[in-house]
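The values are calculated or read from the model by the stated rules, or taken from the named source; none is laboratory data. Only a predicted model underlies this, so the values are computations on that prediction, with no experimental measurement involved. Cβ sites come from the backbone with ideal geometry, for glycine too, and all protein chains shown count toward neighbours.
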Amino acid sequence: MTLRAFEAFGIEIEYMVVDRSTLTVQPIVDELLTRAAGKLTGDFEDGAVTWSNELALHVLELKNTGPAPLRGGAGEFARSAAFADGLLAKLGCRLMPGGMHPLFRPDEFKRWPHDSGEIYAAYDRIFDCRGHGWSNLQSCHLNLPFANDQEFERLHLAARALLPLLPALSAASPFCEGAFTGFLDHRLETYRHNQARVPRIAGMVVPEPARSRQEYYDTILKPIWSDIAPFDPDGLLQEEWLNSRGVVPKFFRDALEIRVLDCQESPFCDFAIAALVVEAVKALYEERWASLDELAALPTEALAAQFRAATRDAERTAISDPALLRAVGMPAKATDLQQVWRHLAAAVLPDAGAVDAALVRPLEVILDQGPLARRMLKAVGERPDKVALRALSARLADCLVPGEEPVFVP
């Protein structure tokens, strides 16, 4: 069935499996999936939510079983996460949210060895997946369908323009190997370097303004496949999913995937961000403040510079590009991303039928106090010890438990 833009959505959220006491990562996702399904599998359907393995054996992905409305989805994900957490408790483990594990060391990495193992092995051989860029980056992906080239063009240009602003909402990875990194979204700073051996794969993370399927293939995908070919003689990686820009089309399923959102402390926070992002993308899609030609004319280099600044400073990032400010309906004066998102929320949410009551408080906290990374820093400071980081991580994991406060407030 062909879905039109904004008819339904797909959410994918990655969680770490950790020891219940020490919070060290535990590479047992294959055992968890076996217990859930009764046999070894890479996918387990838990009703409206499906569990899947990822490259790292300590990472579990929860995703919509099929395209679905956003309304009510957070509760389904929370229910399914609780089910997984209950199974893990019998193994002395639990699920832990957040964009990066703050104490993880690359030597703890173990690769998924089962189905799709040859693809993961190829990535490992070419890029060495022991680094944080492969084994310690937990994200939330937002998928938006499109029915034809015209809808793809509008969605792609809208999401591309909005991409540099997203870390202000979702940054959740300020710590790495026990220290503050200087970036509130260190996951994204790491992400943009993790395939440096073949730079074209991620490009500048912000994609080029391709306006049709054919233009995208000709200007982005085919050059990527050409660049990877010397390292991939069997052609295992020469597929659409090799493209690692921050927003990518999956033409094989006619959906656009936004990939720059960090995993939050609970699905209610992930869905709250997704709901606001969807409505903001829709406003740009409908040319509410700028034409498609104006969106396409936004220079990739300038958007990428704004994106890099946002990975460092999140909601406090300065924004003064008049063209980008016009594109999101802001007055042409210097401001910061917190003000931009407050403006966008006020402009697009009053009529947003996808935003249910369970998402109101998470949005209020994010818009008022900043993204999770800012609240994490407030809780433990810029020089926390390991004890403080473990306690912080445990508090975040508690937000996944039904009946507990789903929003972390220091």
Notebook entry, point to check: Where in the range 130-204 are there helices (runs of 4 or more DSSP H), lying fully within it, with 1 or more residues that are among the β-branched types (V, I, T)?
Noted result: 186-191
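Residues checked against (1) in a helix (DSSP H, G or I); (2) within 15 Å of the chain's Cα centre (by Cα):
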position	(1), (2)
E257	no, yes
V260	no, yes
Q264	no, yes
C269	yes, yes
A280	yes, no
E287	no, no
A290	no, no
L295	yes, no
F307	yes, yes
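Residue by residue, here is whether (1) of a type outside the set (S, T, N, Q); (2) buried (at least 19 other Cβ atoms within 10 Å of the Cβ); (3) out of contact with any strand residue (DSSP E or B) (no Cβ under 9 Å at 6 or more places or on another chain); (4) free of Cβ contacts under 8 Å to residues at least 60 places away in the same chain holds:
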position	(1), (2), (3), (4)
A161	yes, yes, yes, no
P167	yes, yes, no, no
S173	no, yes, no, no
E177	yes, no, yes, no
R187	yes, yes, no, no
Q195	no, yes, yes, no
M204	yes, no, yes, no
Q214	no, no, yes, yes
Check: What residue, among those in the range 14-34 that are in a strand (DSSP E or B), of a type outside the set (A, V, I, L, M) and within 22 Å of the chain's Cα centre (by Cα), is surrounded by the fewest Cβ atoms within 10 Å (Cβ to Cβ)?
Finding: E14
Checklist line | Residue count, the range 386-407 (criterion: in contact with a Pro (Cβ under 9 Å, 6 or more places away or on another chain) and assigned to a loop (DSSP other than H, G, I, E, B)) | finding: 4
Next item on the list: With the condition kept exactly as written, say whether any residue in the range 103-114 is in contact with a strand residue (DSSP E or B) (Cβ under 9 Å, 6 or more places away or on another chain), modelled with pLDDT of 95 or more and over 21 Å from S21 (Cβ atoms).
Entry: no
Next item on the list: Could you list all residues from the range 338-347 that are buried (at least 18 other Cβ atoms within 10 Å of the Cβ) and either out of contact with any Leu (no Cβ under 7 Å at 6 or more places or on another chain) or closer than 21 Å to A296 by Cα (or both)?
Entry: Q338, V340, L344
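So how many residues does the range 320-334 have that are free of Cβ contacts under 8 Å to residues at least 24 places away in the same chain and buried (at least 17 other Cβ atoms within 10 Å of the Cβ)? Steps first, answer last, please.
We begin by selecting, within the range 320-334, every residue free of Cβ contacts under 8 Å to residues at least 24 places away in the same chain; these are 320-322, 325, 330-334.
Okay, now just the ones that are also buried (at least 17 other Cβ atoms within 10 Å of the Cβ), so 321, 325, 330.
Within the range 320-334, residues that are free of Cβ contacts under 8 Å to residues at least 24 places away in the same chain and buried (at least 17 other Cβ atoms within 10 Å of the Cβ) number 3.
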Next item on the list: Would you be able to tell me the number of residues in the range 90-102 that are surrounded by fewer than 21 Cβ atoms within 10 Å (Cβ to Cβ) and in contact with a Lys or Arg (Cβ under 7 Å, 6 or more places away or on another chain)?
Entry: 1
Notebook entry, point to check: Yes or no: L256 of a type outside the set (D, E), under 17 Å from A161 (Cβ atoms), in contact (Cβ under 8 Å) with a residue 12 or more places away in the chain and in contact with a Pro (Cβ under 9 Å, 6 or more places away or on another chain)?
Noted result: yes
Check: Applying the selection to the range 35-64, what residues are more than 20 Å from S139 (Cα to Cα) and either under 20 Å from the mean Cα position of the chain (by Cα) or among the aliphatic types (A, V, I, L, M) (or both)?
Finding: A36, A37, L40
Note to self: If I filter the range 35-56 for residues that are in a helix (DSSP H, G or I), in contact (Cβ under 8 Å) with a residue 60 or more places away in the chain and not β-branched (V, I, T), do I get at least one hit?
What the structure shows: no
Next item on the list: Quick one: R383 ticks every box in (1) in a loop (DSSP other than H, G, I, E, B); (2) modelled with pLDDT under 95 except a single one, so which number is it?
Entry: (2)
Note to self: Taking the criterion of being of a type in the set (A, V, I, L, M, F, W, C) and modelled with pLDDT of 95 or more, would at least one residue in the range 311-323 satisfy it?
What the structure shows: yes
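I273 - would you say it is aliphatic (A, V, I, L, M), over 15 Å from G73 (Cβ atoms) and part of a helix (DSSP H, G or I)?
So I273 does not fit the description; no.
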